[in-house]
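Have a look at the structure below, then the notes.
Every number here is computed from the coordinates shown, using simple stated rules; none is lab data. If you're wondering where the values come from, they're calculated on a predicted model, not measured in any experiment. Don't worry about glycine lacking a Cβ; one is built from the backbone with ideal geometry, like all the others, and counts go over all protein chains shown.
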Amino acid sequence: MTTKRLHKALSVAMIGMMAWSLAACSGSNDDNHKGASSPSAGGASTAGAEQPADPKAKYDPPITVTSVMGLSDQVQKSVSIKPDVLSDNVWTRGYENDLGIKINYLWTVPGAQLEQKMNVSISSNDLPDIIPVNSRQFKMLVDTGVAMDITELFDQYASDFTKQMMEADQRIGLSQATVDGRLMGLPQINGAIDGASMIWIRADWLKNLNLEPPKTMDDVLHIVEAFTKDDPDRNGKNDTFGLGLQKDLFGGFASLDGFFEGYTGYANGWLDDGSGNLVYGGVQPAVRTALGKVAEMYGNGYIDTEFSVKDGGKVAEAVTAGRIGMVFGQHFLPFWPLQDSKNKDPNADWQAYPIVSADGQQAKPMINGSSATFYVVNKKMKNPEAAIKLYNYFYAKDPALSPDFDPIYHGQDSKLETYPDQFYQLAVMTTFFPQQNLFIHQNVSKYFKENDQSVLENYWIKDNVGNIEKYKAGDNTLWSSNGWAGPDNSAFSVIDHYDRNNLFLKNGYIKGDTESMTQKGATLNQMRSETFTKIIMGSAPLDEFDSYVEKWKKLGGDDITKEVNAAK
């Protein structure tokens, strides 16, 4: 797996951790919906007559487009090697040579500071042509009339391949960026299916105890008990826990999402109540049932008694130390922390399995939106169609199944020292093939199971096959590639199972925070965390869940539910 794939994986995992939803909605300034100004260059309209839009037309003379950037660790490394890399890299040269577009960054900050810096820029209305924002900022820009309605521009200027990518995403990202039926930004597509939960289990411990992989939630509970009580690592010590859990309870690693889903409990999602209305999953009886099971496990000593003060990093240390045999999580776990576990103990055989159910039906993991970042086109931008062209350009050069793919635009972290200007994160706009990771797994499987050599013509497949073959030849440091995309019991073999069996359950609400969510969501989430933790640890009875539900409704939940149903 290339560095790009790892960073995409982590970004999707963060999407899955969000407690409410991802993109932005709500009302907007009516002026935004009058359509964009006519492009003045690049194959759109001319002074004399209307011309067909040309997504690839080059501006002559060149134009300058402004933006801002939050710098990842990799980009900061590139800057340290080549100080002018942001203005002179493979992307900026390509934009100018192929499109006649020069990029000028008004400011850059480390990625961790981007949200705060953008909030200041929005408050002062000091904004560039292309504005990268999160969902809440997107809503602000729509509400204040800064965001341009790009509905017609996208129809005219999006390339055929870009439109193909939107369809591969089932137009989820476009839906997230749409307000009152109008496209108000360009979504950074990652892929909704990548956020699905799965079970990661020490298969070597299963073998030691003569146990089979779980097929039901009862099996999960039995394995958790055995992994705690029956010395699964055969070291003669009582030093293991069956299930890893971190203090935040929900997220991409050592979380309860997948466990709850086994009981049809969706603590972070919105569900159809059967009459066409949406209800919040976190206050439904199924969550109460699942919470009771977690409390039983904790009471029996199957979960670390100190979980409530341990974040993901501390749980990862326990996984690496060989003290935990099962975690619920997402697809990125082979890269962190399971590779560390493998490095420490070559016999650690972590394998991925689909979540299982308690009712005899096939369990369904919930998936959310595919985008957490949006590129807003400033209403003041002189050549707004240029934003669509830049969006097209990334899709043309970066995805390995594009007919115009060029690996120098992709780059790899391991080669930054030599080629600091060749890296995908240097692009002014990034977006991805939403089924890219699943595509990689399916073709890796064709290579290993069917000896299909033709798949190696694709850059992604060749890269991952190479890593897996090195692992199979004895290089344990590359186990993560096999655990992530390998043919069997890998992260994406599980995602493939879900996909082939139509098991994904879409969150009923993937727009942005409503007004009441913004005002009251943090308080409600804090109350949930405190209540659930108390119930798990036995300091509050399970009946406390019923009191929590009533408080949730009174403290803003009813208002949120009304707003969600009005905005869906």
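Phi angles of the stretch 287-304 translate, via the Karplus equation with coefficients 6.51, -1.76, 1.60 and θ = phi - 60°, into HN-Hα couplings of 5, 4, 4, 5, 4, x, 5, 5, 4, 5, 4, 5, x, 8, x, 8, 10, 3 Hz per residue; Gly and Pro are given as x.
Rounded if a/c is under 1.5, else prolate if a/b is larger than b/c, else oblate: which is the stretch 369-509, with a ≥ b ≥ c the root eigenvalues of its Cα gyration tensor? Oblate. Of the residues His410, His222, His441, the one with the fewest other Cβ atoms within 10 Å heads the list, and the complete ranking is His222, His410, His441. Here the calculated FRET efficiency for Lys534 and Leu456, from their Cβ-Cβ distance with R0 = 60 Å, stands at 0.65, rounded to the nearest 0.05. Where Lys and Arg each count +1 and Asp and Glu each count -1, what net charge lies around Phe161 among other residues with Cβ under 12 Å from its Cβ? Combined, the nearby Lys, Arg, Asp and Glu give -1. Contact order for the stretch 151-231, expressed relative to its length and based on alpha carbon pairs under 8 Å spaced 6+ residues apart, stands at 17 percent. The Ser87 and Arg136 beta-carbon pair, evaluated with R₀ = 45 Å, returns a calculated FRET efficiency of approximately 0.90. Would you give the gap between the C-alpha center of the stretch 447-506 and the C-alpha center of the stretch 261-302, rounded to a whole Å? That distance is 32 Å. Counting neighbouring Cβ atoms within 10 Å and putting the fewest first, the residues Thr533, Thr523 line up as Thr523, Thr533. For Met366, the residues whose modelled amide H falls within less than 5 Å of its own, excluding neighbours fewer than 5 places apart on the same chain, are Ser197, Leu505.
Over all other residues within a Cβ to Cβ distance under 15 Å of Gly538, the charged ones net out to -4, with Lys and Arg as +1 and Asp and Glu as -1.
To the nearest ten degrees, helix 491-500 and the longest principal axis of the Cα atoms of the chain are 80 degrees apart. Relative contact order, whole percent, for the stretch 346-497 stands at 22, derived from Cα pairs under 8 Å and 6 or more residues apart. Each Cα pair under 8 Å and six or more residues apart adds its sequence gap; the mean of these over the residue count of the chain is a relative contact order of 23 percent.
Our coupling estimate for the stretch 178-190, obtained by passing each phi through the Karplus curve with A = 6.51, B = -1.76, C = 1.60 and θ = phi - 60°, is 9, 10, 6, x, 10, 7, 10, x, 9, x, 7, 6, 10 Hz, Gly and Pro reported as x.
A straight chain from Tyr419 to Arg500 at 0.36 nm per residue would run longer than the Cα-Cα distance by 25.2 nm.
With r as the distance between the Cβ atoms of Glu212 and Asp543 and R0 = 30 Å, compute the FRET efficiency 1/(1 + (r/R0)^6) and round to 0.05. In this case the efficiency is close to 0.25.
Provide, for q = 0.13, 0.16, 0.27 Å⁻¹, the log10 of I(q)/I(0) from a solvent-free Debye sum over equal Cα point scatterers in the stretch 436-502. At q = 0.13, 0.16, 0.27 Å⁻¹ the computed log10 ratios are -0.31, -0.47, -1.19.
Given the Cα-Cα distance of Glu225 and Ala522 and 0.36 nm per residue of separation, how much length would full extension add, in nm? So the chain would gain 103.5 nm between Glu225 and Ala522.
Of Ser493, Ser481, Ser87, the sequence from fewest to most neighbouring Cβ atoms within 10 angstrom is Ser87, Ser493, Ser481. Here are some values of Cα extents along the principal axes in Å: (1) 119, 50, 46; (2) 84, 51, 42; (3) 82, 60, 41. Which one was computed from this structure? Matching entry in (1) 119, 50, 46; (2) 84, 51, 42; (3) 82, 60, 41: (3). For the stretch 361-464, the set of GluC sites (Glu not before Pro) satisfying both a DSSP loop assignment and a count of at most 15 other C-beta atoms within 10 Å is given as Glu417. Distance from the Cα centroid of the stretch 173-189 to that of the stretch 366-440 is 17 Å (rounded to whole angstrom).
Using 0.36 nm per residue and subtracting the Cα-Cα separation, the extra length available between Asp272 and Asp54 on full extension is 74.2 nm. Local charge for Gly557 was computed over the other residues whose Cβ lies under 9 Å away, with Lys and Arg +1 and Asp and Glu -1, and equals +2. Applying the Karplus relation 6.51 cos²θ - 1.76 cosθ + 1.60 with θ = phi - 60° to the stretch 466-475 yields 3J(HN,Hα) values of x, 5, 5, 5, 5, 5, 5, 8, x, 8 Hz, where x marks Gly and Pro. Placing a pseudo-label 7 Å from each Cα along the Cα-to-Cβ vector at Gln361 and Lys237 gives an inter-label distance of 4.5 nm.
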